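Single-structure report; data block below.
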Amino acid sequence: MKNITLLGATGSIGRQTLDVLREHSNQFRLYAIAFGRNVEKAQEIINEFHPRKVVVQDEKIRQALDIHNSHTSVLVGKEALEEISADSETDVLVNAVMGSIGLEATLAAIKTRKQIAIANKETLVTAGHLVMEAAAKYGVDLLPVDSEHSAIFQALNGEAHHDINRIILTASGGSFRDKTREELKSVTVADALNHPNWSMGDKITIDSASMMNKGLEVIEAHWLFDIPYDKIDVIQHKESIIHSMVEYADTSVIAQLGTPDMRVPIQYALTYPDRLSLPISKKLDLIEISTLHFSKMDLKRFPCLDFAYQAGKQGGSMPTVLNAANEVAVDLFLREKITFLEIEKVIENALINHTIIPNPDLETINGIDQEIRRQILKSYR
Ligand code: NDP
Ligand code: MG
């Protein structure tokens with residue numbers, strides 16, 4: 001039995017993680033959860049899985065929960081995220097919160113040598129060097145949940161690093177893949193939330209439409225696999241069947257394929273290096289699909305991808321700025337305070353106005369993250 005601690009239990013990845021736990025209740029126990037504001041969903045999860053620990057953001061949410069057994073204890077506040085991640089009873093941390101809020105929890109789990117299934121890509125974007133440095137120091141593997149990175153992780157299995165020509169990330173193109181930039185001027189939040197292949201949380205769905213999601217994934221791949229940016233390519237593949245590929249020195253390409261279903265990479269991160277059956281996921285039927293499409297990514301059409309490459313290559317504090325500006329901009333767009341194309345502008349301005357700080361420590365990163373958010377919010381009050 002492995003004890004699972006799940007941060008972001010009420011979200012899209014969180015719920016799909018629970019699907020996997022349900023399938024294999026003889027192997028996994030939900031030990032602890034954290035969530036944000038969705039009390040109703042959290043209550044359902046508590047009633048079904050009876051976790052020992054539940055982390056809530058504030059007293060108000062604690063009071064909204066209906067827990068009258070002594071089996072479940074409720075902890076309050078951001079520090080409690082770290083506490084359950086590092087808890088001696090936790091075997092595996094699934095970090096599926098949205099945003100840089102997940103950073104300290106990841107670091108706490110690394111320091112206590114947990115198995116870590118990482119969905120929370122913002123953590124790796126905002127502080128990749130700190131996370132990977134700590135992972136190396138404590139000898140901890142970060143097992144990717146993101147489908148592209150799970151694919152690369154599987155395609156890399158056992159191969160020597162110097163034999164890699166390049167990594168090829170595939171991108172579905174998001175909700176607006178067939179729209180021109182002119183047409184993007186008038187798109188709405190509802191349009192953007194309508195992703196063709198995947199059902200995900202709001203923030204990542206907007207990131208997919210702006211292609212920032214792929215940009216964040218380029219930086220995520222750089223850190224997870226220690227690959228330079230000029231060896232990471234992105235191609236558009238609208239069916240999301242090939243989840244990503246590795247090209248080797250001898251031109252051989254190894255890809256991982258499957259129907260678009262996050263429960264597959266989630267489960268692999270929980271069972272690695274073993275595999276378990278997953279009857280709830282539809283088998284890939286290539287004859288039914290019959291045709292796969294590939295096309296070049298246009299960095300002019302999708303400037304956010306370009307921003308991410310540039311911020312990644314510049315390094316230092318630039319990825320922190322990119323991530324913080326993007327988190328705020330997406331939030332402003334979701335609240336209909338800015339238009340879709342203004343997301344790009346907000347991020348570009350933040351990057352232009354920032355003076356790079358090389359090799360920032362945790363305190364510096366948190367400071368920059370807060371300052372960028374404050375500055376942007378100030379101009380849109
Ligand atoms: P959702 O928005 O669906 O879920 C986010 C989760 O984080 C919710 O459970 C939310 O709680 C919780 N949360 C938010 N703020 C806090 C907080 N301060 N403390 C504790 N919990 C908090 O996002 P997704 O599941 O889509 O994405 C989660 C992460 O996984 C992101 O980093 C995303 O990029 C990554 N990812 C997602 C994929 C997907 O298919 N969805 C694919 C690949 C990566 P509540 O809802 O209760 O407020
Ligand atoms: Mg992905």
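For this structure, a couple of remarks:
- Relative contact order for the chain: 15 percent, from Cα pairs under 8 Å spaced at least 6 residues apart, divided by residue count.
- The modelled label-to-label distance between LYS137 and LYS111, using points 7 Å beyond Cα along the C-beta direction, is 0.9 nm.
- Base-10 log of normalised Debye intensity for region 84-181 (one unit scatterer per alpha-carbon) at q = 0.21 Å⁻¹: -1.11
- Of the beta bridges in region 145-296, as assigned by DSSP with both residues counted there, near 70 percent are antiparallel.
- Dividing the summed helix terms, -39500 (n - 2.57) for each DSSP H run of n ≥ 4, by the number of residues in the chain produces a 222 nm estimate of -14000 deg cm²/dmol to the nearest 500.
- Comparing Cα centroids, region 132-172 and region 85-102 end up 20 angstrom apart.
- Cα centroid separation, region 199-218 to region 221-259 (Å): 17
- Volume per residue that the Cα convex hull of the chain spans, once the total is divided by residue count, Å³: 144
- For the chain, the share of DSSP beta bridges that are antiparallel, to the nearest 5, is 30%.
- MET212, MET245 arranged by Cβ crowding within 10 Å, fewest neighbours leading: MET245, MET212
- Spatially proximal aspartates and glutamates relative to LYS2 (Cα-Cα < 15 Å; intrachain offsets below 8 disregarded): GLU23, ASP87, GLU89, ASP91, ASP274
- Contact order, relative form, for region 208-344: 28 percent (alpha carbon pairs under 8 Å, 6 or more residues apart, mean separation divided by residue count).
- Checked against a 19 Å cut-off, the cross-linked pairs LYS121/LYS185; LYS111/LYS137; LYS41/LYS282; LYS238/LYS345; LYS121/LYS345 give Cα-Cα distances beyond that limit for LYS121/LYS185; LYS41/LYS282; LYS238/LYS345; LYS121/LYS345.
- Residues whose placed amide H lies under 5 Å from that of GLN256, excluding near-sequence neighbours: HIS243, SER244
Bear in mind these aren't lab numbers, they're just calculated from the coordinates by the rules spelled out. Worth saying up front: this structure is predicted, and the values here are computed from it rather than measured. Backbone-built Cβ (ideal geometry, glycine too); neighbour counts: all protein chains shown.
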